[in-house]
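Beneath this line is the structure, given in structure tokens, with notes to follow.
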Amino acid sequence: MYSADWILRLTRFGREARSLRGWSVPSNIWGLGVTSLLTDISSEMVVSILPAYLVVSGGLAPLALGIATGLHEGGPLLAAWLGGLVADRSARRKLTAGAGYALSAISRLGWLVMSSQTLQAIGLLVVGDRIGKAMRTAPRDAMISLSVPPARLAAGFGVHRALDAAGAALGPLLAFAILWRLPRRFDVIFFTSFVVAALGLAALALLVDEYPPDRRHRLRDKARLRWPDTVAAFGDRSVRPVLILAAAFSLVTVSDAFIYLALVQRARAGALWIPLLYTGTAIAFLLLAVPAGLAADRIGKRRVFVLGHTFLLLAYAAAFAGPAAWPVNAIGCVALLGAYYASSDGVLAAIASGVLPEGARALGLAWVATAVSLARLCNAAAFGLLWTRAGDRAAFLTFATALVVVLGFALARPAPDQAAPS
């Protein structure tokens, strides 16, 4: 089990967090954070209005929404690996990430000029957006990890994820405000989304350096990835446990959509509340991402990542509180989910960055992202089938039990954080 020194470390972290110095990160992190904030505003503006645009306004069957949502969640997994490979082989992580951001921006423009709402056109636009996201994520996270010292990795990712979550919260609100003033003017939303995405691309070009000035020459000299290193993550004794840890927890984690659906159905509250639940979770994530990152740097990244899944278990319980607890249980549920994401999303990237070599970091992060995505795809299919056959209570109880088992194994076999090899 974990040693009790985390209490002393947490006490020291509390004292340091009160000073502004404890919250400072390099300007590159802020530049990447602003880029992600604008891009997420653009993305969530479109995602949040798809049900109304495709089904209510467009008259398409719910199948179209299901296909769009499925493609959005799963996405083309190979693009993440390809983006990491190109970024590390060319040593041009900023350019590779920029290509991904540009592809997503073009897909936003596609919604505006789409002449007919066909399944083929919808699928093409959604896949284009997800290819862009998959291509940019690993190079972007590699640039984050190379911009901060190893001891500040989780704090750096925490600041970035906080700005990212701010975009996820603001996007649906901006779309709601436009439709409130201009009902059914989806074209205005699509155009605004494209403009915001273009501003995000400009922020990447103007605010982000390929390499931090103080480490530029050292990183350039050893930046290019060798071909034997493309699959090194599977043979590296320090990297392989991170892949297993990420995939194991992803396999037993219920997606937000199912949690929100169970919450509103159990509370008899109506589906109209679901978009606000997404926004609430993003706001909680925004508020907690930086403190969680600072805590992870102080008391251990793996410790925070593993124990953060207890928030997920409590969120399951809040979702089943019933109508008498509404809306307190909804507030508690989104707060707990925000805490879970704050202690897992950026922290996992920091854990992986801490054991991946600098020259193969983008590709290694892509392998981790691919493992998580594959596990979540299998998870969603299994959970949906179990809910259909046995009901929501049996499905949640099964996955909660599996999560407890994985938590137990992870707590019984801790591994200390390690410095990144050079």
Distance between Cα centroids, segment 362-400 to segment 179-196: provide it in whole Å.
33
Near ASP164, within a Cβ-to-Cβ distance under 15 Å, what is the net charge of the other residues, with Lys and Arg +1 and Asp and Glu -1?
0
Apply the a/c threshold of 1.5 to the C-alpha gyration tensor of segment 127-176 and tell me whether it is rounded, prolate or oblate.
oblate
Given points 7 Å out from each Cα along the Cα-Cβ axis, report the ALA324 to LEU377 separation in nanometres with one decimal.
4.4
Net charge near ILE49: determine it from the other residues with C-beta under 11 Å of the C-beta of ILE49, scoring Lys and Arg +1 and Asp and Glu -1.
+1
Run the simple label-point estimate for LEU287 and ARG393 please: 7 Å along Cα→C-beta, distance reported in nm.
3.3
With 5 Å bins from 0: P(r) over segment 264-372, alpha-carbon pairs, percent:
2, 13, 18, 18, 17, 12, 9, 6, 3, 1, 0
Need the full-extension length gain, GLU210 to ARG185, defined as separation in residues times 0.36 nm minus the C-alpha distance. One decimal, nm.
5.1 nm
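Throughout, read-outs are computed from the coordinates displayed, never taken from laboratory work. Everything numeric in this text was worked out from a predicted model, so none of it was measured. Glycine also receives a Cβ, built like all others from the backbone with ideal geometry; neighbour counts cover every protein chain displayed.
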